[in-house]
Amino acid sequence: MVTTIVHDLRMNLSKKNFPALSRTAQLILQNNVSSSNNQMRNTIQRDRLEAEQLLIRHYFANDSTYGHNLFRRRFRMSKGLFMQLIGDLEMNYSYFQTTWDATNQRSFSGLQKCTSSIRQLAKGYNPYSLDEYLNMPEITSHEALEYFCYGVVPMYKDEYLRPPTSTDIQKLYEAHEARHGFPRMLGSIDSGSNNDLNVLYQSPLFDEKYHGTGPDCSFYLKGEHYKRGYYLADGIYPTWVVFVKAYPHPITNKKKRFKAAQESGRKDLERALGFLKGH
């Protein structure tokens, strides 16, 4: 049956004799044509070059539509830092380099891919919503974000994710003592939820603290020697010597004052986390 239909199609199509086709062959031909038309209708022709030129006019031209203040608000960083990110990613990863395929179709540029990634990270944009402005399909926005994160971490971890030096620690001591009145405090931490403790247990910083292999944070207070610096924390954290928690049920005035000071010292971080979660 199938062989007969195929032979029928070949003979009549070569002669352009469509009425002579069998009823079954005509239905197959109509379905194929209909399917082909549907695929053509669903194909979106995205002008990547036009989208990039619009992006440049808006933010990266000398007389850009939106100035530095709006750039910082929308990208959460300065234009200079953003351009440095793009340059480093293009230099180290071929994914962010502009290429052309066999049909001479131009790829999205590093500028477009990094803009998509930053919009998702800084503003919480849905990848699908970036299609209208960047002419970038959802799957490409997802892909660009993954490559961006995998690229940025190894490039900058030695500089920005390194353990603090003795000079860094001294600056932290001075800043927190001046602001909160807690001598030799390294900072404050806030879990937000029980799940965040999983991050704590996997953190290199606290792994070093736990095993005593981190930088020297020892200090003397009222004649007593302390081997490690400390962090202000809430009650959900484990009972480690590096965590100073408030009294859960203070009775004496001294303990009540300490509880109020400890909670006040953690407010900066709580406000910062609340702001970040809100965005």
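For the reader, a short list of remarks on this structure follows.
- Residues in the stretch 222-267 that are over 36 Å from the mean Cα position of the chain (by Cα) and not basic (Lys, Arg): Gly223, Glu224, His225, Tyr226, Tyr247, Pro248, His249, Pro250, Ile251, Thr252, Asn253, Phe258.
- In this structure, Thr103 does not satisfy being in a loop (DSSP other than H, G, I, E, B), hydroxyl-bearing (Ser, Thr, Tyr) and in contact with a Lys or Arg (Cβ under 9 Å, 6 or more places away or on another chain).
- For the stretch 101-121, the condition holds for at least one residue, the condition being that it is aromatic (Phe, Trp, Tyr) and touching a residue at least 40 places away in the same chain (Cβ under 8 Å).
- Residues satisfying the stated conditions in the stretch 252-279, i.e. modelled with pLDDT of 90 or more and farther than 22 Å from Ala175 by Cα: Thr252, Asn253, Lys254, Lys255, Lys256
- Taking residues in the stretch 77-98 that are without any contact (Cβ under 8 Å) to a residue 24 or more places away in the chain and assigned to a helix (DSSP H, G or I), and partners anywhere that are of a type outside the set (Gly, Ala, Ser) and open to solvent by 40 Å² or more (accessible area, probe 1.4 Å), the pairs with Cβ atoms closer than 6 Å and at least 6 places apart or on different chains are Glu90/Gln97.
- Total residues in the stretch 59-84 satisfying the condition of being closer than 18 Å to Lys123 by Cβ and either of a type in the set (A, V, I, L, M) or touching a strand residue (DSSP E or B) at 6+ places or on another chain (Cβ under 9 Å) (or both): the figure is 3.
- Filtering the stretch 125-181 to residues that are within 14 Å of the chain's Cα centre (by Cα), without any contact (Cβ under 8 Å) to a residue 24 or more places away in the chain and open to solvent by less than 40 Å² (accessible area, probe 1.4 Å) leaves only Pro127.
- Top-ranked residue of the stretch 174-189 - restricted to ones that are assigned to a helix (DSSP H, G or I) and of a type in the set (A, V, I, L, M, F, W, C), ranked as farthest from Tyr237 (Cα to Cα): Ala178
The values are calculated or read from the model by the stated rules, or taken from the named source; none is laboratory data. Here the structure is a predicted model, which is why all the values come from computation and not from measurement. Heads up, the Cβs are rebuilt from the backbone with ideal geometry, glycines too, and the neighbour counts pull from every protein chain shown. Keep in mind that these areas ignore ligands, DNA and RNA; they rest on the heavy atoms of the full protein, side chains included. Shrake-Rupley method; radii C 1.70, N 1.55, O 1.52, S 1.80 Å.
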